[in-house]
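Notes for the one structure printed next.
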Amino acid sequence: MKTAIIGLGNMGKGLAKRLAGNADLTVASRDVAAAAAFAAGLKNVKSASVSDAVAGADIVILALPYAAALEAAALPALKGKIVVDISNPVKPDFSGLAIGHTTSAAEEIQKAASGSQVVKAFNTIFAGVFEQSAASTKSVPVFLAGNDEASVDAVADLVGKAGFAVEKTGGLDAAKLLEPLGMLNIRLGYGLGRGTAIAPNWLAIAA
């Protein structure tokens with residue numbers, strides 16, 4: 001499937017580097033020249049304007065802060081596409097989540113992108129983790145949530161190509177659990193000094 005990453009902050013760039021050469025990938029941002037320069041340094045990655053990248057993609061990864069992702073989700077061109085939300089709706093001072101428990105960023109984005117299938121992914125991964133070797137992250141889970149099984153499977157394929165393990169968590173309502181988990185990771189990494197080379201995982205304990 002053709003994939004577009006919209007947004008070239010640390011998360012967007014990190015994910016693009018992991019997918020370069022492993023996926024039919026286009027990157028885009030408001031700064032078209034910067035997107036072109038970044039893509040030129042990667043293997044088999046194209047750049048385009050945001051509108052052209054969305055139009056040509058089957059999967060659109062909104063590598064944007066929550067407010068910007070929510071705004072982008074209303075783009076008519078997203079209709080019929082798989083939309084990947086990687087955001088955590090953090091407060092400006094990073095003290096907690098601005099929304100949660102009764103709804104989630106992913107569910108609000110799904111409301112805005114009513115003609116699309118939203119899948120939650122990558123929100124518990126720090127951008128710094130993308131800089132590690134794929135061999136060192138192959139057992140690091142990317143938690144997925146979505147209401148359409150085929151869409152979740154398509155994103156799961158990208159997760160594997162990016163060098164991570166897949167952990168499916170059910171419908172999109174599970175984002176109400178995944179986003180607080182992302183916030184806990186932020187607190188551990190920044191607030192409690194654990195750094196950004198960490199990620200949550202679930203261990204199976206033998207009986």
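The values are calculated or read from the model by the stated rules, or taken from the named source; none is laboratory data. Only a predicted model underlies this, so the values are computations on that prediction, with no experimental measurement involved. As a convention, Cβ positions derive from the backbone with ideal geometry for all residues, glycine included, and neighbour counts pool all protein chains shown. Each accessible area value is taken on the protein alone, full model and side chains, heavy atoms only, with ligands, DNA and RNA left out. Shrake-Rupley method; radii C 1.70, N 1.55, O 1.52, S 1.80 Å.
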Checklist outcome for this item: Given Cβ charges of +1 for Lys and Arg and -1 for Asp and Glu, the option among 40, 3, 151 whose Cα lies farthest towards the positive end of the dipole of the chain is 40
Checklist entry - Between residue 55 and residue 192, what length in nm is gained on full extension when 0.36 nm per residue of separation is reduced by their alpha carbon distance? => result 45.1 nm
Checklist entry - Within a Cβ distance under 11 Å of residue 17, other residues only, what is the Lys/Arg minus Asp/Glu net charge? => result +2
Checklist entry - Between residue 168 and residue 67, what length comes free when the chain is fully extended (0.36 nm per residue of separation minus the Cα-Cα distance, one decimal in nm)? => result 33.8 nm
Checklist entry - If you add up the charges near residue 55, with Lys and Arg at +1 and Asp and Glu at -1, over every other residue whose beta carbon is less than 12 angstrom from its beta carbon, what do you get? => result +1
Checklist entry - Count the lysine pairs in the stretch 54-207 that are 8 or more places apart or on different chains: how many have C-alpha atoms under 27 angstrom apart? => result 26
Item to check | Beta bridges per DSSP with both ends in the chain, % antiparallel, nearest 5 | outcome: 10
Item to check | Within the stretch 109-207: Cβ-based charge dipole about Cα centre, in debye rounded to nearest 20 (Lys, Arg +1; Asp, Glu -1) | outcome: 300
Next on the checklist: Only four residue types carry charge here, +1 at the Cβ of Lys and Arg and -1 at the Cβ of Asp and Glu. Report the dipole size of the stretch 63-109 about the Cα centre in Debye, rounded to the nearest 20.
Outcome noted: 140
Checklist entry - So, with +1 on the Cβ of K and R and -1 on the Cβ of D and E, and no other charges, what is the size of the charge dipole of the chain about its Cα centre, to the nearest 20 debye? => result 460
Checklist entry - How would 49, 133, 87, 114 line up by accessible area, probe 1.4 Å, largest first? => result 114, 133, 49, 87
Checklist entry - Considering the chain as a Gaussian network with a 10 Å cut-off on Cα pairs, which listed residue, 186, 99, 125, attains the greatest mean-square fluctuation? => result 99
